[in-house]
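Take a look at the structure below.
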Amino acid sequence: MKRNVLYSILIAAFIIAAGFSVYFYQQAQAEDAKIAARVNSGEEIPQYHFTLIGEEVNHDYWRFVEEGAKTAEEDYDVFVEYKGPERSNPEEQLKLLDMAVQSKVDGIIVQALNEQFPPLINQAVEKGIPVITIDTNSSDNMAHTYIGTDNYMAGQLAGEALVEDTDGEAVVGVLSGSFDNSLHEQRVKGFTDIVEQEEGIEVAAVEESNISRVDVEEEAYNMLTANENITAFYGTSSYNGVGIVAAARSLEKEEDMYVITFDAIDENIELLENGGIHAIVDQQPFEMGYESVEKMLSIIEGNTVEDDYHTDVTIIRNADLPVGTNREDETS
Ligand code: BGC
């Protein structure tokens with residue numbers, strides 16, 4: 001490589017790293033300023049300060065988690081600082097986690113998204129900061145407890161729903177949110193363990209969508225053109241349904257395509273109402289947020305907690321939608 005090119009790359013890398021540091025420094029300053037403003041206004045400062053770090057700060061699913069945690073603020077003497085990258089970005093999420101560890105908050109609530117998270121989680125625990133993993137767990141971290149979906153079991157539920165809804169006859173395309181994230185791996189494994197037992201079901205391909213709306217449509221499109229006999233899709237990420245339906249629509253295959261995906265976010269509910277999506281694996285993000293604050297306080301008080309607390313997972317179909325919405329049985 002030419003020396004000039006190498007220098008340019010190094011300078012660009014330096015500028016990006018410096019930019020990140022300034023950004024995180026400013027975020028920390030902004031938080032301090034907020035707390036100082038509350039002290040100056042005479043407002044009482046809550047006894048405990050927890051940091052909750054989501055995967056995508058503005059994603060509807062994480063907003064529900066935040067809402068749960070903020071509701072707990074009304075019931076307990078805590079302040080929950082909610083943070084996360086704009087778009088799924090594990091590196092940035094790790095930086096936020098590092099910042100929370102360095103600023104010695106009273107408790108940290110975070111996913112164990114991939115193998116890079118446990119070392120930092122363990123560092124926090126070793127420093128005396130209690131940690132709760134939320135939404136995604138791993139077996140190799142020292143967090144006090146896990147609160148969230150049993151992702152393997154949720155995958156199994158999705159498999160059972162697909163078997164039931166397709167009468168055990170389908171050629172399935174599986175779209176994982178990410179091959180690097182353990183929760184998606186578990187959701188795929190749970191699903192395939194169930195459908196593999198069915199003679200009439202074939203898994204034609206397993207691909208990843210990078211937790212991105214754009215990538216999922218392109219990937220689903222490629223899967224449909226490479227495997228023309230696909231009759232059903234299983235998506236392990238919230239955005240997968242929307243992209244799968246769009247790809248099937250552009251190939252005029254929407255009518256005959258069975259789709260099951262995760263999370264009752266508005267876009268998925270709308271597609272469930274109009275028939276693009278047939279089933280949704282519904283998690284309990286609000287409850288995860290609320291319970292994680294309650295359990296954190298219990299840990300601080302010295303109580304023993306279980307290794308994990310699995311929140312409910314259910315399958316929602318069109319017929320389960322509330323009366324008055326676009327239920328198929330009411331529109332015919
Ligand atoms: C997952 C979260 C993820 C969110 C948005 C949910 O299904 O449980 O881990 O951050 O989707 O992609």
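The values are calculated or read from the model by the stated rules, or taken from the named source; none is laboratory data. None of these values were measured; they are calculated from a predicted model. Neighbour counts run over all protein chains shown; Cβ positions are idealised from the backbone, glycine included.
Brief remarks on what is shown
- Residue match in region 178-193 (condition: over 27 Å from ASN58 (Cβ atoms), in contact with a helix residue (DSSP H, G or I) (Cβ under 9 Å, 6 or more places away or on another chain), crowded, with 24+ Cβ neighbours inside 10 Å and of a type in the set (Gly, Ala, Ser)): no
- Within region 132-151, restricting attention to residues that are part of a loop (DSSP other than H, G, I, E, B) and aliphatic (A, V, I, L, M), the residue that is farthest from the ligand (Cβ to nearest atom) is MET142.
- Scope region 61-87; condition part of a helix (DSSP H, G or I), within 16 Å of the ligand (Cβ to nearest atom) and surrounded by 16 or more Cβ atoms within 10 Å (Cβ to Cβ); matching residues: TYR61, TRP62, ARG63, PHE64, VAL65, GLU66, GLY68, ALA69
- Residues of region 45-60 satisfying the condition of being part of a loop (DSSP other than H, G, I, E, B) and either away from the ligand (no atom under 15 Å from the Cβ) or among the β-branched types (Val, Ile, Thr) (or both): ILE45, PRO46, GLN47, VAL57
- Residue in region 152-160 that is assigned to a loop (DSSP other than H, G, I, E, B), of a type outside the set (Phe, Trp, Tyr) and either assigned by TED's automatic domain parsing to the domain that holds GLU219 or over 15 Å from the mean Cα position of the chain (by Cα) (or both) present: no
- Those residues of region 116-131 which are away from the ligand (no atom under 16 Å from the Cβ), part of a loop (DSSP other than H, G, I, E, B) and touching a residue at least 12 places away in the same chain (Cβ under 8 Å), in sequence order: LYS127, ILE129, PRO130
- Unique residue being more than 30 Å from GLY128 (Cα to Cα), assigned by TED's automatic domain parsing to the domain that holds HIS184 and loosely packed, with under 14 Cβ neighbours inside 10 Å when the list is ALA247, ALA226, ALA264: ALA226
- In region 103-115, residue nearest to the chain's Cα centre (by Cα) [restricted to those that are assigned to a strand (DSSP E or B) and away from the ligand (no atom under 16 Å from the Cβ)]: ILE108
- Taking the listed residues VAL195, VAL188, VAL206, the one that is more than 16 Å from the ligand (Cβ to nearest atom), touching a Ser or Thr at 6+ places or on another chain (Cβ under 7 Å) and either under 20 Å from ALA161 (Cβ atoms) or of a type in the set (Lys, Arg) (or both) is VAL206, with no other qualifying.
- Leading residue by the ranking (farthest from GLY155 (Cα to Cα)) among those in region 192-238 that are within 17 Å of the chain's Cα centre (by Cα) and in a strand (DSSP E or B): GLU208
- Residue pairs whose Cβ atoms lie under 7 Å apart, separated by 6 or more positions or on different chains, with the first residue in region 90-109 and at pLDDT below 95 and the second surrounded by fewer than 19 Cβ atoms within 10 Å (Cβ to Cβ) and aliphatic (A, V, I, L, M), are SER103/ALA28.
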